[in-house]
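Colleague: Take a look at this one; I'll ask things after.
The values are calculated or read from the model by the stated rules, or taken from the named source; none is laboratory data. Given the structure is predicted, the values throughout are model-derived calculations rather than measurements. All Cβ positions, glycine included, derive from the backbone under ideal geometry; neighbour counts span all protein chains shown. Heavy atoms of the whole protein, side chains included, go into the accessibility calculation; ligands, DNA and RNA do not. Shrake-Rupley method; radii C 1.70, N 1.55, O 1.52, S 1.80 Å.
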Amino acid sequence: ASGKDIVLLTQTFASPSTSKLISEFKEKYGNVRHVVYDAISESAAADAYQNKYGERGLANYDFSKAMTIVSVGADFLGDWQGGGFDSGYSTKRIPDHGKMSRHIQFESNMSLSGANADKRVPLKPSEQKLVLAKLYSEVTGNSAGGVKLSERLEAAVKAAAKELSKAGSNAVVVTGIQDVNAQTVALELNAYLNSKAFDPKTTIKTRQGNDNAVMQLVADMNAGKVGAIIMYGVNPMYTLPNASAFAKGLAKTDLSVAFSMKQDETSTNCQYLAAAPHNLESWGDFEFKTGHYSMMQPTIRPLFDTKQFQDVLLAWNGNGTSYRDYLKAVWTEDILNGSPFNKAVQD
């Protein structure tokens, strides 16, 4: 692939050891680009967060610390940004000496969050951005550039803004609008309120995909700029909206490799299908949130003639060790602070 790009197209790993492996792979070959692709994308939210806080990931919210919650199109009790926010929310929905959180939901379709809200304000999808802009204007006092809403929505937004201002740091604003500007407005609102429920020091790392980078990759493949593409944990010929353009680009790429457990739409069209083991046969590690580490260990020996993506990267890097030993070294040097590795595995 000399003179052209080598592209690693992968899922979000959120793995300290795999990230280090990929960095070493980049150093060895030089012309390597790592493109992260999530079939269920939160790219707009990740872009906004990265622009403001310098790290790619998603904002971390703890609804147990919020007394006033305003959501614009975010079903945070459902699968919004991967879910997991319901337990914190529920702790403040039990009246404690007459106090419980207040939840206002602006949304177009009925959601689980809307069904549980104290006040649900229905609106058109086209009105969601306008409501968010008006909310920002009312809370911060900055102009929203002549945003015009119906009388009903205008009154609802002003009432919500008043409650947010009164709650101050005990308030939080979230949005599910897939737009960088909208996500930025939500981040700015929480920063202005100094929201206790929003923790920018702890980033959620489960979805780091970049839609713009994926679209650029498809364009570069079709332009003949990609010499090799190596894929793991993705099936773009099934999940991409422009899958046909990806297929044409794949045919123009000199080397194509797909790590997969099965013959899917993408792997069957690659030159090499690298048989990958199941997670229950694999080692791995995770950092789902900043500073929150977890480990995966095999429960059975590999049943078939397979090899982990990370083990192959090690071989391509010229490192003769196994991924298990590599992971142990990373944890011993960077994570455990002197604690025994075997104890970490046991725990």
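Colleague: Output the residues belonging to the stretch 237-264 that are farther than 21 Å from GLN310 by Cβ and surrounded by 18 or more Cβ atoms within 10 Å (Cβ to Cβ).
Modeller: Hits for the stretch 237-264 are MET237, LEU240, PHE246, GLY249, LEU250, THR253.
Colleague: Please find, within the stretch 158-189, the residue that is nearest to the chain's Cα centre (by Cα) out of those that are polar (S, T, N, Q) and either surrounded by fewer than 24 Cβ atoms within 10 Å (Cβ to Cβ) or more than 30 Å from ASN212 (Cα to Cα) (or both).
Modeller: GLN178
Colleague: To continue, here is another question. Within the bounds of the stretch 285-292, is there any residue that is among the polar types (S, T, N, Q), touching a strand residue (DSSP E or B) at 6+ places or on another chain (Cβ under 9 Å) and surrounded by fewer than 18 Cβ atoms within 10 Å (Cβ to Cβ)?
Modeller: yes
Colleague: Does the stretch 21-39 include one or more residues that are assigned to a loop (DSSP other than H, G, I, E, B), touching a residue at least 24 places away in the same chain (Cβ under 8 Å), of a type in the set (A, V, I, L, M) and surrounded by fewer than 23 Cβ atoms within 10 Å (Cβ to Cβ)?
Modeller: yes
Colleague: Across the stretch 192-215, which residue is nearest to ASN242 (Cα to Cα) among those that are open to solvent by 30 Å² or more (accessible area, probe 1.4 Å) and without any contact (Cβ under 8 Å) to a residue 60 or more places away in the chain?
Modeller: MET215
Colleague: Identify all residues within the stretch 91-131 that are over 18 Å from VAL70 (Cβ atoms) and either in contact with a helix residue (DSSP H, G or I) (Cβ under 9 Å, 6 or more places away or on another chain) or open to solvent by less than 30 Å² (accessible area, probe 1.4 Å) (or both); write none if there are none.
Modeller: The one that is over 18 Å from VAL70 (Cβ atoms) and either in contact with a helix residue (DSSP H, G or I) (Cβ under 9 Å, 6 or more places away or on another chain) or open to solvent by less than 30 Å² (accessible area, probe 1.4 Å) (or both): THR91.
Conditions (1) among the hydroxyl-bearing types (Ser, Thr, Tyr); (2) modelled with pLDDT of 95 or more; (3) out of contact with any Ser or Thr (no Cβ under 9 Å at 6 or more places or on another chain), marked per residue:
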residue: ILE6; (1), (2), (3): no, yes, yes
residue: SER15; (1), (2), (3): yes, yes, yes
residue: SER23; (1), (2), (3): yes, yes, yes
residue: ASN31; (1), (2), (3): no, no, no
residue: ASP38; (1), (2), (3): no, yes, no
residue: SER43; (1), (2), (3): yes, yes, yes
residue: TYR49; (1), (2), (3): yes, yes, no
residue: LYS52; (1), (2), (3): no, yes, no
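Colleague: So, ASP47, is that one open to solvent by less than 30 Å² (accessible area, probe 1.4 Å) and closer than 22 Å to MET221 by Cβ or not?
Modeller: no
Colleague: Hey, does the stretch 250-266 have a residue that's modelled with pLDDT of 95 or more, farther than 26 Å from LYS129 by Cα, over 21 Å from the mean Cα position of the chain (by Cα) and part of a helix (DSSP H, G or I)?
Modeller: yes
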